[in-house]
Amino acid sequence: MKKKIIGGGICMLMIVAAILPVAAAETQRISAGDPTVKWEQLPDITQNGTDVDATSNVDIPRMLANDFLCTTPGPITDVHLFGSWLQDQVGVISMIHLSIHADIPANESPTGYSIPGAVLWQMNFTQGQFTQKLYHESAAGEFWWDPYTGQFLPNSDHMIWEYDINITDTAAFVQQGTTTKPIIYWLDAYVTTQTGLFGWKTAATPWGDTAVYKTVPPNEQWKQLITPVGKPVDLAFRITTKPVCCFKVSIPLFGFLGVKARVTETCNQSHTNVPWNMTITYGSNHKYSTGTIGSIGALSTVTISSGFFFHFGTVVVTIKVNDCPPVEKRVFMLFLIVIRIP
């Protein structure tokens, strides 16, 4: 199947600065209101949801992989996997393995469908480096599927768990895709357990090409994940990032009948429709101003203003844009009286 580069699910880097963030490019795949989500495929919580056995113990060294898209460069600092335990017998995960691969498109793949290519980054996470929480519980049971043995069981579990894996800034993989040159990557994962069998949950909405599986170490070709009833599947996961500073702000020491702040873009990107708010405090009084930066070009500067404001003396000015940490400065408001003598 030919790979489609579509707008759904943009891997994005939300830049959060001390004053101003990048305007978020959101689609139906990205969690609304969460500026740190770079990619998201939520799990299928219906009875059609399927858990694909991702337990790589001594019997069968399993490994599963799914493709995703990036259009904005930036680090992956968290990966969130969704899955369930066979018959809801929650076990103990000893280790979670993650790797990022380059993409081999269908027209270049020896299989005729796209598959993971060269390993670009990999890391193992042990107890204490990930957390577990219940994501969803339903009366309707879901399927359990082991493509390695052909086992396909209905009504096998009722609880979906989310595993949150934190990656340090120094160890994070930095994606390189841009809007004009998007890049497709593959995330592969498997777990080892002390007890229980863990399955990676299928996604509610597929993207790109079918997920794949193989054994570890890589001694065989990647195979497509197509269920015994003939349904190709994708896997459920979320990729997030930590905010990165990309803007600076300056406020003059003196203001005359208002406060004007200069906002400068420092990451060589362009942004549109960025909301901001300003609070001016003088004594026990407060004045609130809001507005939107219609556009700011790469490495350029725009001015935002509180509008007309009359006060004489020291004013504490706080500026905040979206979810950015507020920037606070003290300025001196000068009121000039001109007396005309006839």
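General remarks:
- Shape of the range 196-303, Cα gyration tensor, a/c cut at 1.5: prolate
- At an R0 of 22 angstrom, the distance between the Cβ atoms of Asp164 and Gln87 translates into a FRET efficiency of 0.40.
- Hydrodynamic analysis of the range 152-216 uses the Kirkwood radius over alpha carbon pairs. Inserted into Stokes-Einstein at 20 °C and 1.002 mPa s, it gives a translational diffusion coefficient of 134 µm²/s.
- Straightening the chain between Gln127 and Lys223 buys 31.5 nm, computed as 0.36 nm per residue apart minus the Cα-Cα spacing.
- Once the chain from Asn48 to Phe254 is taken as fully extended at 0.36 nm per residue, the excess over their C-alpha distance is 67.8 nm.
- Note on Thr195 and Thr111: the model spin-label points, each 7 Å out from Cα along the C-beta direction, lie 3.5 nm apart.
- Take every Cα pair under 8 Å whose residues are at least 6 apart in sequence, average their separation, divide by the length of the range 247-333, and the relative contact order is 34 percent.
- Average projected area [Cα convex hull, the range 247-333], square nanometres: 5.3
- For Lys38, nonlocal amide neighbours, meaning residues 5 or more places apart or on other chains whose placed amide H falls under 5 Å from its own, are Met12, Ile239, Thr240, Thr241.
- Each Lys and Arg adds +1 at its Cβ and each Asp and Glu adds -1 at its Cβ; summed about the Cα centre, the range 37-240 shows a dipole of about 280 debye.
- Protection-proxy order for peptides 273-280, 226-233, each taking the mean of Cβ atoms within 10 Å per residue, highest first: 273-280, 226-233
- Stretching Lys329 away from Val316 to a fully extended chain increases their span by 4.1 nm, per 0.36 nm per residue minus the current alpha-carbon distance.
- In sequence order, calculated HN-Hα J values of the range 51-57 (Karplus, 6.51, -1.76, 1.60; Hz; x Gly/Pro): 9, 9, 4, 10, 8, 9, 9
- 5 angstrom amide H check on Leu225, placed H, neighbours 5+ away: Ala211, Val212, Tyr213, Val233
- Counted over the range 37-240, the DSSP beta bridges are approximately 95% antiparallel.
- Shape of the range 76-180, Cα gyration tensor, a/c cut at 1.5: oblate
- Relative contact order of the range 37-240, defined on C-alpha pairs under 8 angstrom at six or more residues apart (%): 41
- Here the range 193-224 is scanned for amide nitrogen atoms under 16 Å from the site 7 Å beyond the Cα of Met95 along Cα-to-Cβ, giving 193-195, 216-218.
Just so you know, all these numbers are worked out from the coordinates, no wet-lab data involved. No experiment lies behind these values; they were computed from the predicted model shown. Positions of Cβ are generated from backbone atoms using ideal geometry, with glycine treated the same way; all protein chains shown enter the neighbour counts.
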